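The values are calculated or read from the model by the stated rules, or taken from the named source; none is laboratory data. For clarity, every value in this text was computed on a predicted model and none was experimentally measured. Using ideal geometry, Cβ is built from the backbone for each residue, glycine included, and neighbour counts are taken over all protein chains shown.
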Amino acid sequence: MRSEGKSVSVNLSTPNKPYLRSRTEPKRNLQVLPVSRADNEMKAKLGIACAFLGFTLSANTIALSSARGQTGRRVPRADSIASFWQKFKAAAINSDKETLAALSRFPISRGYGMASIRTKAQFMRSYRDLFFNETNAAQCFPKVKPMIDRKRPNEFSVSCPFASDSSGGEPFVYTFTRTRAGWKLTSFENINE
């Protein structure tokens, strides 16, 4: 109830609901205090402040979400992928096993039916299988570019053809994943098998 400088009393008792108060309890009256112009101005200022705060938070949320992919994770910067790929490609072309092992995360998955490479020692023994057996990474890597899947923003892949026959497609896929330590080789598989 609105009032301009007058007091208004309201009777809280209801005749249809006697269980709300006991019969011996006296009737209570609620006194409504007058509402002044200053109170209304204060409410308006508070409403404006809340609206401004809500708008600011919404704008920050939109700005943050635009810097992230649909999954809510940060989209990798193209230059970080490019710089990692240059290091990895150079190490493969130069047959630098130590650098390739350092740029890998173990275990390295090898696809259907193949045992994962779990340690650096296993990586050294499997080096030729990964890079120079059925495919030739030294010939393939200078020609290919990393492929980034928008649905998996923390991964990219590189595909290579058979070493002996380049007309058979590119069934050998090297998958790289962004880890806390940076980009790492995490999978190698022949997608034809």
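Summary of computed values
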| item | result |
| --- | --- |
| Residue among ARG105, ARG150 that alone is surrounded by fewer than 18 Cβ atoms within 10 Å (Cβ to Cβ) and within 16 Å of PHE84 (Cβ to Cβ) | ARG105 |
| Failed condition for ARG125, given (1) farther than 22 Å from ASN154 by Cα; (2) in contact with a Ser or Thr (Cβ under 8 Å, 6 or more places away or on another chain) | (2) |
| Residues within region 124-141 that are modelled with pLDDT under 95 and either outside any helix (DSSP H, G or I) or outside the structural domain of ILE93 (by TED's automatic domain parsing) (or both), tallied | 5 |
| Residue in region 137-145 that is surrounded by 12 or more Cβ atoms within 10 Å (Cβ to Cβ) and under 26 Å from the mean Cα position of the chain (by Cα) present | no |
| Any hit, region 176-190, residues being over 23 Å from ASN94 (Cβ atoms), within 29 Å of the chain's Cα centre (by Cα) and in a loop (DSSP other than H, G, I, E, B) | yes |
